[in-house]
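Scroll down for the structure; my scribbles are underneath it.
The values are calculated or read from the model by the stated rules, or taken from the named source; none is laboratory data. Note that this is a predicted model, so its numbers are computed, not measured. With ideal geometry, Cβ positions are generated from the backbone for all residues, glycine too; neighbour counts draw on all protein chains shown. These accessible areas exclude ligands, DNA and RNA; they are computed on the full protein's heavy atoms, side chains included. Shrake-Rupley method; radii C 1.70, N 1.55, O 1.52, S 1.80 Å.
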Amino acid sequence: MASAQEPLGLLAWTQAHPDWKADKKELAYVASQCATMYDLIGNFFAANPIHEEQRRSANIFLSNSDIYARIGYFLSIRQGMSEQEAVARQNAFQAQVNQQMQANLQAHKNIMVPPLSDDVEVCMVNFKFAQVQVRQLEAEYTKPNASPTPAITPGDKSFDMATLQVIWDFIKSKTNAPADAAMPRLVVQPGLPTTARMVFEFPSEDQPQNTLQINVSPRTLQLWSRSMVNWAVGHELVHYAMLMRENQWVEQTIYKNTIKHHCNPEFLKLTGDIADLISDAQSPSRERLRMYSEVFRSCIRHPDQ
């Protein structure tokens, strides 16, 4: 298994580890690197499109990043890495890729030159393999005694309160919440920005006018499956529980909020456990890896929240 500080680029690394596809730890390593490269390069093209082809490439790169992130973070955890170690390795990958991009820009005014472009080519060549792996891993980690469930389609505008109560009871058990602690209000909020799928708001020093509630975009209810909506609400409920615990589970006019949640190991573990709680109840499991990818991305993209 390679460390995050290994000097080899991804192309050279895969050549030195020809059986990486058959080893889950090595597959996690490659997938994590590919997710990082696709994400950073995709965001660069989106922010700095020189021509329309690069704008289209940005969307493709970001989409491909999601597939690789589903494998990389999930398998890293399943193969024994702690949440904190997985995030630390990802931060190291990001630093390396950013350094390569800046060096290429300075020397060539183009980020896609060797050795970075050679490493990205590894990810491109193996993308269809990654897509197959996502499906196979979902099947492999499906709980054998789960009850068969019908396919879940988007479009239901209501909340699955029975499942959300199970999730909330689980969160309470893990955060030492009072037994009678109720979940906050869930509000369908059409006014959310298009980039916001779901937001937990509370009155703070910066925004004292806020109401303690979880705002959900109607677009999320229309476009996401019920399972993904349940996971996302669970994510926001963990925010709520950690905030309330920091405030001794006492209602406040202004809430103290000194803990950054998204990269907090407890937050990462709890939101990953919620993905398992939801997925273990389904046969077959369909979106466990997507939920884990969201766990990972919330930290990588919004570490200050």
*Which of the residues spanning the stretch 194-210 are more than 9 Å from Ile254 (Cα to Cα), of a type outside the set (S, T, N, Q) and more than 26 Å from the chain's Cα centre (by Cα)?*
Asp206
*asked:* If Ser285 meets every condition in (1) under 21 Å from Ile67 (Cα atoms); (2) open to solvent by less than 20 Å² (accessible area, probe 1.4 Å); (3) of a type outside the set (Val, Ile, Thr); (4) part of a helix (DSSP H, G or I) apart from one, which number is that one?
replied: (4)
*When you scan the stretch 40-73, how many residues do you find that are within 17 Å of Asn110 (Cα to Cα) and touching a helix residue (DSSP H, G or I) at 6+ places or on another chain (Cβ under 6 Å)?*
10
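Of the residues in the stretch 249-270, how many are in a helix (DSSP H, G or I) and either more than 14 Å from the chain's Cα centre (by Cα) or more than 21 Å from Ala179 (Cα to Cα) (or both)?
Looking only at the stretch 249-270, we keep the residues that are in a helix (DSSP H, G or I), and these are 265-270.
From what's left, either more than 14 Å from the chain's Cα centre (by Cα) or more than 21 Å from Ala179 (Cα to Cα) (or both): 265-266, 268-269.
Qualifying residue count for the region: 4.
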*Inspect all residues belonging to the stretch 270-277 and state whether any of them is touching a residue at least 12 places away in the same chain (Cβ under 8 Å), farther than 19 Å from Thr175 by Cα and open to solvent by 10 Å² or more (accessible area, probe 1.4 Å).*
no
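Could you grab me the full set of residues in the stretch 200-225 that are touching a residue at least 60 places away in the same chain (Cβ under 8 Å) and surrounded by fewer than 19 Cβ atoms within 10 Å (Cβ to Cβ)? First the steps, then the outcome.
So in the stretch 200-225, the residues touching a residue at least 60 places away in the same chain (Cβ under 8 Å) come out as 218, 221-225.
Across the stretch 200-225, the qualifying residues are Pro218, Gln222, Leu223, Ser225.
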*Which helices (runs of 4 or more DSSP H) does the stretch 18-119 wholly contain that include 2 or more residues that are of a type in the set (Asp, Glu), surrounded by fewer than 20 Cβ atoms within 10 Å (Cβ to Cβ) and under 23 Å from the mean Cα position of the chain (by Cα)?*
none
*Answer with yes or no whether Leu11 is at pLDDT 95 or above and in contact with a Pro (Cβ under 9 Å, 6 or more places away or on another chain).*
yes
*For the stretch 182-193, how many residues are over 13 Å from Leu221 (Cα atoms) and surrounded by fewer than 17 Cβ atoms within 10 Å (Cβ to Cβ)?*
4
*asked:* Contact list please: Cβ distance under 8 Å, first residue in the stretch 8-32 and within 23 Å of Val113 (Cα to Cα), second residue part of a loop (DSSP other than H, G, I, E, B) and open to solvent by less than 60 Å² (accessible area, probe 1.4 Å), pairs at least six apart or on different chains.
replied: Leu8/Ala2; Trp13/Ala2; Trp13/Glu6; Tyr29/Ala2; Val30/Asn126
_Condition check for Tyr292: in contact (Cβ under 8 Å) with a residue 60 or more places away in the chain and hydroxyl-bearing (Ser, Thr, Tyr)_ = yes
*If we keep just the residues of the stretch 134-178 that are more than 24 Å from the chain's Cα centre (by Cα), of a type in the set (Gly, Ala, Ser) and modelled with pLDDT of 80 or more, which is most open to solvent (accessible area, probe 1.4 Å)?*
Ala162
